[in-house]
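Asker: My questions all concern the structure below.
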Amino acid sequence: MRGYTRRSLLLLGGAAAAGAMVPVAATGLWGEAFDLLRRRWTALTTDPVSRAAALPPYRERLAELGGEAARLRDTMAPDRASLWPGLPYPSFTATPERLRAMARAYALPGTGLTGDPRLATAVAAGLDHYRRHVYAAGTRPEGNWWNWRIGVPKVLLDAAVLVAPHLTAEQAGGLREAVDHFVPPGRLHRYGGLSTGANRVDLCTVMLLRAILGADPERAALAASALTPVLRYVEEGDGFYRDGSFIQHTYVPYQGGYGMVALAGLAALFTVLRGTPWEIPEQLRRVVHDSVERSFAPVIHDGFCMDLAGGRGIVRRPFGDHRRGRLIAASILLLAETAPEADRARWQAMVKGWAARDTARPMLDAAESEGELGFHARLAAVVADARVPAAPEPAGHRLLPMSARAVHRAPGWCAGLSMASYRIGHYEHGNGENLRGWHTGSGMLYWWAEGHGDQYSDGFWATVDPYRLPGTTVSTKRLPDGAGPGWGDTCPPGRWVGGATDGAYAAVGQHLNGLESTMEAFKSWFFLDDAVVCLGAGITSRDGVPVETVVDNRRTGAPLTAEATWAHLEGHGGYVLPGGPAPRTLRERRTGPDGTARDYRTLWLDHGTDPREAAYVYLLLPGATEERTRARAADPGWARVLANTRHQQGVHVPSLGLTAVNFWNPGTTGPLTASAPCAVLVRELPDGTATLTVADPRCDLDELTVTWHRPVAGLADGHPLLSGATTGPALTARFGRLADRLGGSCTITLRLR
């Protein structure tokens, strides 16, 4: 390979590369503001690493970065087809990323090349070479639009700002002209299409970097103002929802993908714009601040981000859920630096708790090995700060009805549920990814007991049987890779998807229609302290193949004990099947396309070929011992099934004072009567009060009347949507405009004596 010579410089950047460097520092009225923006952007890369650059592990990692940057500089061999041999253009990712790595070695302390003009000149010339041969104004973009409008310009501009004093006027002007061609200001004039959610944040970042490079106040103002639609709650389409959902691609819950990108971008923009004429007002930042605990924390468990919020990206790499958790944690710690003190204290404690409990892939170790030095430094400071407590995992239930997701936490375990509805797709595939995720929206029930942090991380998606995902009811009809439209547009017709929660317990249901299948089912989950009661009814199909309900499919080779009405998986938990039949079981070793092999224990219920009105009942007991599983199976009155039909599904748990019913149709189940389809949860409390919680999962009710056939002395606390209540020998509660709650729950408190 040729070295980096004056001849290479001339070929890289033309005659201008050999000319005098022209600083791009702003002058005049806006000079101070743009100098601040440039310093702030650079600080995103250099801080807080600069405060610990001489200490391990930063010293070694920074030296490695410097060594790699020197190698890249010295092996540049520019010609018309590439910048490095073996890396032909267009090279939308690798070549820009190499140039940015070199720019970071220039900006970061302790690399051995910090502030090195020869390295910066090489970066500048390399940027110009790539701009002239690939990313040139007037070029017709081919392939994925994202490369041209976001991926390439974001990386090139980042590198350019880091080495800005070493760009010639021609180099800087050429890059600005290219960006203006692919990302003109008009791209940000309308919110919609490809410019929503995380994509909008990325486009605003590109626009701001373009403004910094050219000291352009109009583009800086546009970059800031165009964020506004992202900083408002939405009721449909892409963005943040009040219930905590984050949607991208119209149909896909995406906190662990595009939401993660949006949070990272917004945290960076809030930091860079702070104290400038384009600072984002606090009232707009509030939506993002609230999203930390409303949208992101619910789908983070012990440091990893649940795959139920990861879209097509769940299949990309082993332990990708832990990486997504780290990236979200990194954004939260950065966001905390510009947040109110109370928010900052809570978030730091929360992230410290995640780091303390992430034993499957320890956060600090992983951040170091992945080269995430900025996050490592911030997290290390929080971990070492005795004034910051490690917040425990919160107990309770979070239902995200607008994204057909639910998360339940109880002492010692956590569960997550992914469903599909008329507004949320069964799964997302695209760009050749996640081609067999067909049934992830068919009621997949993820769960983790203590020590199970790698259950869905370590080779799960590469090796699991895609027809037997835990918790799902599926037709075994064979599907082609990438069945159904791409990008999440695989929504079934069912509208009754969601449920009711009082914050501690929940009744969740899904009217399930199979993907490219005639199969229909009514599935309910009742989330309790140490169990999930799982009901299925109305299971019907005409596909000519068997239909199965997968009680569980654990990535383990642990011993399984199975009896007539219960089963126990050592080290994992128990299953109770009152009334039988006993589940079918399978122990197998499965090998993925890459040669990865993992052991599985599967329990499933076979409903037969083309079932009509099949049903099931089982209890999941996460973390239970064999003794506790056996004892629960011997106590059929612990959870009494009140109904299990396509019309209603309900349970009564006397020890909790809980009665919960999913009304697929109006009617009466146990002590509850509902005038319309809804979810109802009643809980009698030891202090002589009770709570009644209702929800409208279909989001179409103007009015609802619920009767609880139990003496009630009076109303202790109402709700704005409670239009009237009659107490006495029975309670009759009337609610109006539940549709306005978008599937959210309404709770009233009652006096029983």
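Asker: Which shape class, rounded, prolate or oblate, goes with segment 595-635 when its Cα gyration tensor gives a ≥ b ≥ c as root eigenvalues, a/c under 1.5 marks rounded, and past that a/b bigger than b/c marks prolate? Provide the component values of the computation, followed by the final result.
Answerer: On the way: a/c = 3.75, a/b = 1.07, b/c = 3.50.
Taking the square roots of the gyration eigenvalues as a ≥ b ≥ c, segment 595-635 is oblate.
Asker: Would you tally the net charge around Val206, using a Cβ to Cβ cut-off of less than 12 Å, leaving Val206 out, and scoring K and R as +1, D and E as -1? Mind dumping the intermediate values first?
Answerer: Working: positive: Arg149, Lys154, Arg176, Arg187, Arg200, Arg210, Arg219; negative: Asp158, Asp180, Asp202.
Computed value for this residue: +4.
Asker: Tell me, what is the percent relative contact order of the chain, built from C-alpha pairs under 8 Å that lie six or more residues apart?
Answerer: Details: 1689 pairs, mean separation 56.8, N = 753.
Computed value for the chain: 8 percent relative contact order.
Asker: Just read off the accessible area of Arg628 with the full protein assembly in place, 1.4 Å probe, to the nearest 10 Å².
Answerer: 80
Asker: In the neighborhood of Leu327, defined by Cβ-to-Cβ distances under 14 Å, what is the net charge if each Lys or Arg adds +1 and each Asp or Glu adds -1?
Answerer: Values: positive: Arg316, Arg317, Arg323, Arg324, Arg326, Arg361, Arg378; negative: Asp321, Asp358, Glu370, Glu372.
So the surrounding residues net to +3.
Asker: If a/c stays under 1.5 just call it rounded; otherwise compare a/b with b/c (prolate if a/b is bigger, oblate if not). Do that for segment 528-672, with a ≥ b ≥ c from the square roots of the Cα gyration tensor eigenvalues.
Answerer: Numbers: a/c = 2.33, a/b = 1.31, b/c = 1.78.
Oblate, because a/c is 1.5 or more while a/b does not exceed b/c.
Asker: For segment 113-194, state which trypsin sites (Lys or Arg not before Pro) are in a DSSP loop and have at most 13 other beta carbons lying within 10 Å of their beta carbon.
Answerer: Values: sites: Arg118, Arg131, Arg132, Arg149, Lys154, Arg176, Arg187, Arg190; in loops: Arg190.
Those that pass, being in a loop and sparsely packed, are Arg190.
Asker: Enumerate by residue number the trypsin sites (Lys or Arg not before Pro) in segment 448-510 meeting two conditions: DSSP loop (anything except H, G, I, E, B), and at most 11 other Cβ atoms within 10 Å of the site's Cβ.
Answerer: Working: sites: Arg468, Lys477, Arg478, Arg495; in loops: Arg468, Lys477, Arg478, Arg495.
Answer in residue order: Arg478.
Asker: Related question: Below 8 Å between Cα atoms, with a sequence gap of 6+, how large is the relative contact order for segment 48-94 in percent?
Answerer: Numbers: 20 pairs, mean separation 7.3, N = 47.
For segment 48-94, the relative contact order is 16 percent.
Asker: Please name whichever of Pro671, Ala643, Ala695 sits farthest to the positive end of the charge dipole of segment 617-721, dipole taken about the Cα centre and charges placed at Cβ: Lys and Arg +1, Asp and Glu -1.
Answerer: Positive-end residue among those listed: Ala643.
Asker: Shape verdict for segment 546-612, please, from the Cα gyration tensor: rounded (a/c under 1.5), prolate (a/b greater than b/c) or oblate. Write out the running numbers ahead of the final one.
Answerer: Values: a/c = 3.23, a/b = 1.30, b/c = 2.48.
Here segment 546-612 falls in the oblate category.
Asker: Another question, if that's okay. If you place +1 on the Cβ of every Lys and Arg and -1 on the Cβ of every Asp and Glu, how big does the dipole about the Cα centre of segment 122-211 come out, in debye to the nearest 20? The partial results should precede the final answer.
Answerer: Working: 10 positive and 7 negative charges, 56 e Å.
For segment 122-211, the charge dipole is close to 260 debye.
Asker: Sticking with this one: Spin-label point model (7 Å from Cα, Cβ direction): what's the Arg734 to Thr139 distance in nm?
Answerer: 6.7
Asker: Additional query: Would you mind getting me the FRET efficiency between Asp489 and Ala395? Use the beta-carbon distance for r and R0 = 35 Å, nearest 0.05. The partial results should precede the final answer.
Answerer: Details: r = 36 Å, r/R0 = 1.04.
For R0 = 35 Å, the calculated efficiency reads 0.45.
Asker: Right, another one. For the chain, what does the helix formula give at 222 nm: sum of -39500 (n - 2.57) over DSSP H segments with n ≥ 4, over the residue count, nearest 500 deg cm²/dmol? Mind dumping the intermediate values first?
Answerer: Working: 17 runs with 215 residues, N = 753.
Rounded to the nearest 500, the figure is -9000 deg cm²/dmol.
Asker: Just the number, please: carbon plus sulfur as a percent of the accessible area of the chain, 1.4 Å probe, no ligands or DNA/RNA counted. Let's see the in-between values first.
Answerer: Numbers: 13970 of 27210 Å².
Carbon-and-sulfur percentage of accessible area, whole number: 51.
Asker: On to the next question. With r defined as the distance between the Cβ atoms of Arg71 and Trp146 and R0 fixed at 30 Å, what FRET efficiency is calculated, to the nearest 0.05?
Answerer: 0.55
Asker: Output the relative contact order of segment 614-753, whole-number percent, from Cα pairs under 8 angstrom with separation of 6+ residues.
Answerer: On the way: 310 pairs, mean separation 25.4, N = 140.
Once normalised by length, the contact order is 18 percent.
Asker: Could you tell me how far the Cα centroid of segment 168-239 sits from the Cα centroid of segment 28-51, in Å?
Answerer: For segment 28-51 versus segment 168-239, the Cα centre distance is 19 Å.
Asker: Among the trypsin sites (Lys or Arg not before Pro) within segment 48-104, which fall in a DSSP loop and have no more than 15 other Cβ atoms within 10 Å of their own Cβ?
Answerer: Details: sites: Arg51, Arg59, Arg61, Arg71, Arg73, Arg80, Arg98, Arg100, Arg104; in loops: Arg80.
Sparse-neighbourhood loop trypsin sites (Lys or Arg not before Pro): Arg80.
The values are calculated or read from the model by the stated rules, or taken from the named source; none is laboratory data. Keep in mind the model is a prediction, meaning the values are calculated, not measured. All Cβ positions, even for glycine, are placed from backbone atoms using ideal geometry, and neighbour counts span all protein chains on display. Please note that ligands, DNA and RNA were not included when accessible areas were found on the heavy atoms of the full protein model with its side chains. Shrake-Rupley method; radii C 1.70, N 1.55, O 1.52, S 1.80 Å.
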